[in-house]
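Since the structure comes first, as structure tokens, the remarks are kept for the end.
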Amino acid sequence: MYHHFMGRNLILGDIHSRYEKLMSVLSLASYDPKVDTLYALGDFTDRGRDAYMTLSFLMKQKNLKAVIGNHDLYLQNWLYTASPDEHWKRYLGGNKTVKDIKYRRKVSNAECIMIADWLRSLPLVLLEDKYIITHGGIPKGMDINDLVRISRKKRDAISLMKGDERITWDRDYFLSAFEGVYRDELFSHLEPFDTEKTIFVGHTPIPSGKPLFSEGYHLIALDTGAGKGGMLTLMDMDSKEYWQA
């Protein structure tokens, strides 16, 4: 087939430990790890049960380009310190991740540190020729120079979710673009980011279960709710064709 000769740029929405959905959606798109580049928007674990399988698979992909999500920052902290954040465990599905990695899979301390190092190596934002990729959005007051600086930044082992790391959870840019979809949210209204590039985000589950496109804000949102029993989405970043499982 043609695309096995010409590699594609494919991007995954939030996976949230749904390993079976991940395998299904890659299969539907005939993903070829030898030639396709696989981008991922973060939030690999929590809420679903297969955290370890999901992480192991992603870590093996030679052509993976991923950004870190807010859930992944909590996971990184736990893997380095062995003391899980209570809010993460109770409200964000971290309890399922702890259960899978520590008790079900009995992952060794050494391997936990390897996974943590891999997570720590992932940037908060990826800047490509045609795309800006970030988990949550672009917080108020950030310009392209901030994004360049943040994309090159070496992150700390222990995340505090503050400062530049707001880029993993701040929703204001997303909500400004899709105001009509989320009428009840309280947020600071932001103007469109000054860029010719397409901005890809995850983080905020979309009620319709379909990707959202905003031309005015140069934005494509791909968290279609896999973490809450909905669909996992994979999109061809250039043709905008997408697959769901």
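Alpha carbons only, please: Rg and Dmax for the chain, in angstrom.
Considering the chain through its Cα atoms, Rg and Dmax are 17.0, 49 Å.
For segment 1-96, with every protein chain kept in place, what is the accessible area per residue (1.4 Å probe, Å²)? Before the final figure, lay out each step's value.
Numbers: 4140 Å² over 96 residues.
Value returned for segment 1-96: 43 Å² of accessible area per residue.
So, for segment 107-238, what is the accessible surface per residue at a probe of 1.4 Å, expressed in square angstrom? All intermediate terms of the calculation are to be shown ahead of the outcome.
Numbers: 6320 Å² over 132 residues.
For segment 107-238, the per-residue accessible area is 48 Å².
Sort 185-195, 217-227 by packing, meaning the average of other beta carbons within 10 Å per residue, with the highest value first. Mind showing how you got there, number by number?
Numbers: 185-195: 13.1, 217-227: 23.4.
In descending order of packing, they fall as 217-227, 185-195.
Can you tell me what share of the DSSP beta bridges in segment 100-220 is antiparallel? A percent to the nearest 5 is fine.
50 percent
To the nearest 0.05, what FRET efficiency results for residue 62 and residue 30 with a Förster distance of 22 Å applied to their C-beta separation?
Details: r = 18 Å, r/R0 = 0.80.
Efficiency, from the Cβ-Cβ distance: 0.80.
Viscosity 0.692 mPa s, temperature 37 °C: give me the Stokes-Einstein translational D for segment 22-62 in µm²/s, with Rh taken as the Kirkwood radius over C-alpha pairs. Provide the component values of the computation, followed by the final result.
Working: Rh = 11.3 Å.
Result for D is 291 µm²/s.
Given labels modelled 7 Å from the Cα in the Cβ direction, how far is it in nm from residue 228 to residue 161?
Roughly 1.8 nm, to one decimal.
Mean residue ellipticity at 222 nm from the helices of the chain, using -39,500 (n - 2.57) per DSSP H segment of n ≥ 4 over the full residue count, to the nearest 500 deg cm²/dmol? Write down the numbers at each step before the final one.
Values: 9 runs with 75 residues, N = 245.
The per-residue figure over the chain is -8500 deg cm²/dmol.
Leaving ligands, DNA and RNA out of it, report the carbon-plus-sulfur percent of the accessible area of the chain at a 1.4 Å probe.
Details: 6010 of 11610 Å².
Roughly 52 percent of what the probe reaches on the chain is carbon or sulfur.
Which one of 245, 93, 186 has its Cα pushed farthest toward the positive end of the charge dipole of the chain, where Lys and Arg give +1 and Asp and Glu give -1 at the Cβ?
93
Could you check the spin-label model distance between residue 183 and residue 109? Points 7 Å from the Cα along Cα→Cβ, value in nm.
That separation, rounded to one decimal, is 5.5 nm.
Once you have all Cα-Cα distances for segment 101-245, histogram them in 5 Å bins from zero and send the whole-percent values.
2, 9, 17, 20, 18, 16, 11, 5, 3, 0
Provide the per-residue ³J(HN,Hα) series for segment 230-245, in order, calculated from phi with Karplus coefficients 6.51, -1.76, 1.60 and θ = phi - 60°, each as a whole number of Hz, with x at glycine and proline positions.
Taking θ as phi minus 60°, the curve returns x, 8, 9, 10, 10, 10, 6, 5, 9, 7, 6, 5, 9, 10, 9, 9 Hz for segment 230-245.
Any idea what Rg and Dmax come out to for segment 155-238 if you just take the C-alpha atoms, in Å?
13.7, 38
The values are calculated or read from the model by the stated rules, or taken from the named source; none is laboratory data. Values in this document were obtained by computation on a predicted structure and should not be read as measured data. Here Cβ is always computed from backbone atoms with ideal geometry, including for glycine, and neighbour counts include all displayed protein chains. Surface accessibility is based on the protein's heavy atoms, side chains included, excluding ligands, DNA and RNA. Shrake-Rupley method; radii C 1.70, N 1.55, O 1.52, S 1.80 Å.
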